[in-house]
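The values are calculated or read from the model by the stated rules, or taken from the named source; none is laboratory data. Since the structure is predicted, the reported quantities are computational estimates derived from the model, not experimental observations. Because the Cβ atoms are built from the backbone with ideal geometry, glycine has one as well, and the counts that use them run over all protein chains shown.
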């Protein structure tokens, strides 16, 4: 069997310091990343598609309450949850995306059916929820999405005009850009990417970040790479980060590493954008660059052991 298959996942980037994460909490984050890698890797090993693999990995992360997506999504200014997600197939360039939805158990699963069954790319809000019901996707009550730490974060800022990038130093979390994502290469030589998020704590006015925006937070093209971003979404939108990396490879002949390092560690930094991303190309090269203190991330290539890291080293 062709052993050139691989998956990478992330669970958010930001000021993730050893001094702020106790060993128990650190182990729980590692476990969440590991479970997502296992979910996606099994599909790839069995000859499944990269698209199925990234969806399965992101579903796993959405179901794990420590990450700001799905079950652990942060609270808006109104005390609700508004979730975003997207998915893209590098073989066909087909994509599905959704924003500002509530109560859908797995936003990435909705993004997938939008891609395949809606005739559109991007749906939002209550009408997207109506489509999810038509597609018979599972819904959950508000209580399912409640997570005590997220509620505390909201309580600290809810009476202000401020928002939080899924952070509060008091909770030992540091400043964290809460997004989850996955990129994968399958044995058929195709790549895919998926991203999901609960956005920013105390966000208002229907704010949407880069995660559901094709080309900004998510992009996949067999000719170049597959990308899933995590960071201060406003900057990633303005810099069109995911597509920018693809363009540097396509038009300037950059390697995946050159393109990722330039965009994340040079271009974004000069611009004031903090965060990181995961990337893969059809040769199975993987890059996980970030310009913040840390990023929950991991990958597994073929039958090699999984590699999971949080900090720079």
Original post:
From 85, 111, 97, 53, which residue is over 15 Å from residue 212 (Cα atoms), surrounded by 24 or more Cβ atoms within 10 Å (Cβ to Cβ) and at pLDDT 95 or above?
Top reply: 53
Subject >> Selected residue [over 19 Å from residue 182 (Cβ atoms), surrounded by 17 or more Cβ atoms within 10 Å (Cβ to Cβ), modelled with pLDDT of 95 or more and in contact with a strand residue (DSSP E or B) (Cβ under 9 Å, 6 or more places away or on another chain)] from 277, 268 >> reply: 268
Original post:
Within the set of pairs 6 or more residues apart or between chains, which connect a residue that is free of Cβ contacts under 8 Å to residues at least 24 places away in the same chain inside region 121-145 to a residue that is surrounded by fewer than 17 Cβ atoms within 10 Å (Cβ to Cβ) and not in a helix (DSSP H, G or I) with Cβ atoms less than 8 Å apart?
Top reply: 133/139
Subject >> Any pair with Cβ under 9 angstrom, 6 or more apart, that starts in region 74-86 at a residue that is on the phi > 0 side of the Ramachandran plot and ends at one that is surrounded by fewer than 23 Cβ atoms within 10 Å (Cβ to Cβ) >> reply: 79/151; 79/154; 79/158
Original post:
Going through region 282-302 one residue at a time, which ones are out of contact with any helix residue (DSSP H, G or I) (no Cβ under 6 Å at 6 or more places or on another chain), at pLDDT 95 or above, assigned to a loop (DSSP other than H, G, I, E, B) and surrounded by fewer than 22 Cβ atoms within 10 Å (Cβ to Cβ)?
Top reply: 282, 283, 284, 302
**OP:** Using the structure shown, decide if residue 287 is in contact with a strand residue (DSSP E or B) (Cβ under 8 Å, 6 or more places away or on another chain) and farther than 30 Å from residue 206 by Cβ.
**Re:** yes
